[in-house]
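FYI, it's all coordinate maths here, none of it is from the lab. It should be emphasised that the depicted structure is a prediction, and the values quoted were computed from it without experimental measurement. Every residue, glycine among them, receives a Cβ derived from its backbone with ideal geometry; neighbour counts consider all protein chains shown.
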Amino acid sequence: MSSKTKKVQLPSYNYEPVVALAHTPPYKIHKYFARRPYNVFEQLVLNFSKEGDLVLDPFCGGGVTVYESLRKNRRVIGCDLNPLSIFINENMIKRTPVDDEFLAVFEDIKNYIKYLTGDYLKFKKDGLTYEVSWAELATTVKCPVCGKPTPLSNDLKIKPSNYKCKHLACSAHEAGYSSKNCEKLGTEILYLVHSSKNSVVVKELDSLDEKAYEDHISFLKKEMAGDKNRLIIYLRL
């Protein structure tokens, strides 16, 4: 061997079998045929290049080599005749500046989710806290006898279209009345129900539950009045 011969240091290869893993979120933004497992190409990048090296993929396809090379701090050139391939690659690696409006909406969404998972979806009974599975609703009508609001609930039902008035002082509390021509006033929440495999817990709505419900409705109205586009964003997510 000549004294001028330069010794080349080969990379330390990993010859351990690589088990293919499912695609991560970046590869799910758009489908692409014959897209290879990301962790297999990640290992190829690690085996045959080092940080700062230039990696060329002349048929970049679904962007696995391009994305994994960038993720491992390599420079990369990707080419493909298919315009869909280029479109997918560009959008996978694009860094879009995050403006204040986006951050404000993102913060609103976090607060909204936090609010929905708070006390509004829970109730307390006998010292224990339960999650609300559903709420029992009933149509509220104007009693034709006393003129006060009364619900068309199952526990006040005598027979189809005949109900008792919920007010004890009303004569219709015993005799009942026909609901066919009654003036409808809206919908009333009667009970909060927690249902699980082991038990069903029912609680009549009290003032605290009503306040939580009213606060929630006010919150939604404020959000929609402030910017209707934010509600659209919530729905899309």
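The Rg/Rh ratio for region 38-163 is 1.43, where Rg is the radius of gyration of the alpha carbons and Rh is the Kirkwood radius. Given their separation in residues at 0.36 nm each and the Cα-Cα distance between them, Lys142 and Ile109 gain 7.9 nm when the chain is fully extended. Residues Arg75, Arg35, Arg95, ranked from the fewest to the most other C-beta atoms within 10 Å, line up as Arg95, Arg75, Arg35. Taking the number of Cβ atoms within 10 Å of each Cβ as an exposure proxy, the fewest-first ranking of Ile88, Ile77 is Ile77, Ile88. Cross-link check: pairs Lys72/Lys94; Lys122/Lys222; Lys125/Lys148; Lys122/Lys148 evaluated at a Cα-Cα cut-off of 19 Å; pairs beyond the cut-off: Lys122/Lys222; Lys125/Lys148; Lys122/Lys148.
Neighbour counts of C-beta atoms inside 10 Å place Tyr27, Tyr32, Tyr163, Tyr15 in the sequence Tyr15, Tyr32, Tyr27, Tyr163, starting with the fewest.
Using 1/(1 + (r/R0)^6) with R0 = 41 angstrom and r between the beta carbons of Glu183 and Phe102, what's the FRET efficiency to the nearest 0.05? According to the calculation, E is roughly 0.25. In straight-distance terms, cross-link reach from Lys221 covers every one of the lysines whose alpha-carbon lies under 20 Å from its own, apart from those fewer than eight places away in the same chain; here that gives Lys110, Lys114, Lys211.
Label-to-label distance, Ala34 versus Lys159, with points set 7 angstrom from Cα along the beta-carbon direction: 7.7 nm.
Given a cut-off of under 8 Å on Cα pairs at least six residues apart, what relative contact order in percent is computed for region 45-150?
Working: 90 pairs, mean separation 17.1, N = 106.
Reported as a whole number, the value is 16 percent.
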